[in-house]
1. What pairs come up if the first residue lies in the stretch 201-220 and is within 19 Å of residue 236 (Cβ to Cβ) and free of Cβ contacts under 8 Å to residues at least 40 places away in the same chain, the second is assigned to a strand (DSSP E or B) and within 16 Å of the ligand (Cβ to nearest atom), and their beta carbons are under 6 Å apart, counting only those six or more places apart or on different chains?
2. Scan (1) surrounded by 21 or more Cβ atoms within 10 Å (Cβ to Cβ); (2) touching a helix residue (DSSP H, G or I) at 6+ places or on another chain (Cβ under 9 Å); (3) within 30 Å of residue 41 (Cβ to Cβ) for the single condition residue 114 breaks and write down its number.
3. Being touching a residue at least 60 places away in the same chain (Cβ under 8 Å) and closer than 19 Å to residue 237 by Cα is the filter here, so list the residues in the stretch 1-26 that pass it.
4. Can you name the residue in the stretch 42-59 that is surrounded by fewer than 23 Cβ atoms within 10 Å (Cβ to Cβ) and within 16 Å of the ligand (Cβ to nearest atom) and, of all such residues, is farthest from residue 245 (Cα to Cα)?
5. Of the residues that make up the stretch 181-191, is at least one at pLDDT 95 or above, in contact with a strand residue (DSSP E or B) (Cβ under 9 Å, 6 or more places away or on another chain) and within 19 Å of residue 35 (Cα to Cα)?
6. Look at residue 224 and say whether it is part of a strand (DSSP E or B), within 16 Å of the ligand (Cβ to nearest atom) and within 30 Å of residue 110 (Cα to Cα).
7. Going by the conditions given, is residue 67 crowded, with 19+ Cβ neighbours inside 10 Å, away from the ligand (no atom under 16 Å from the Cβ), under 22 Å from residue 30 (Cβ atoms) and within 18 Å of the chain's Cα centre (by Cα)?
Ligand SMILES: [Fe+2]
């Protein structure tokens, strides 16, 4: 049985940074404490990106000792707010960072592949032609159970502001939050459908699950703050009443289980899971 914790979208900046009624640093601190207090071990923690708010060196300097408190290994997907170079150097300790931070590793007999989907321009995601080719090579029908990871949703989520983007007065419109070439992503992974246990992502600041074309897609909530993403919703809306949270994922040859665990926000009385 593989067990991992899925966290996402921490948006660390200064220790006091707050937005939408949420504080990023104390919320992540509370999430890490909750993970460390789990009454069992997990194989790793998966962070699906946006560790930092602006991708600045001081933000990764703040993140490094905080995330080092985790008692489990951690793997990162690069997010659109991240700096891929600093993330690899400061948080992973790589001396020679890749242009695109893609990784493949194994745990409990399963293959986990993480793709860097940040387009380096805005919040819409994109995989390059080379990444799609690597995805096609990976997604053969035969092989170990497979888990795919990226920052951006590679499937529509039935929320217009995520799927199509949104308008703001006196500003250029915001584009879609999706992976721009999500249809190409889905075509690439289709041959591996039988061994693909799930596709895990972040970016949308909301727990979200989709079953599409025989594949399970799952977004982790944000460790910072949640955004509402209801059907028909035309723009993101903060939900400061909702706590920070993480997903706990268990997967074996027959079954995948996802539990969402809410974490009491510092100075806010909310129920824990
Ligand atoms: Fe993001």
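The values are calculated or read from the model by the stated rules, or taken from the named source; none is laboratory data. Predicted model only: the values in this text are computed from it and were never measured. Please note: Cβ atoms are built from the backbone with ideal geometry, for glycine as well, and neighbour counts cover all protein chains shown.
1. Correct list of pairs: 206/227.
2. (2)
3. 8, 9, 10, 11, 19, 20, 21, 22, 23, 24
4. Going through the qualifying residues, I end up with 56.
5. No: the stretch 181-191 contains no residue that is at pLDDT 95 or above, in contact with a strand residue (DSSP E or B) (Cβ under 9 Å, 6 or more places away or on another chain) and within 19 Å of residue 35 (Cα to Cα).
6. no
7. The answer is yes for residue 67.
To keep it simple, each residue is scored yes or no on (1) within 15 Å of the ligand (Cβ to nearest atom); (2) within 20 Å of the chain's Cα centre (by Cα); (3) within 20 Å of residue 250 (Cα to Cα).
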| site | (1), (2), (3) |
| --- | --- |
| 126 | yes, yes, no |
| 143 | no, no, yes |
| 161 | yes, yes, no |
| 188 | no, no, no |
| 206 | yes, yes, yes |
| 213 | no, no, no |
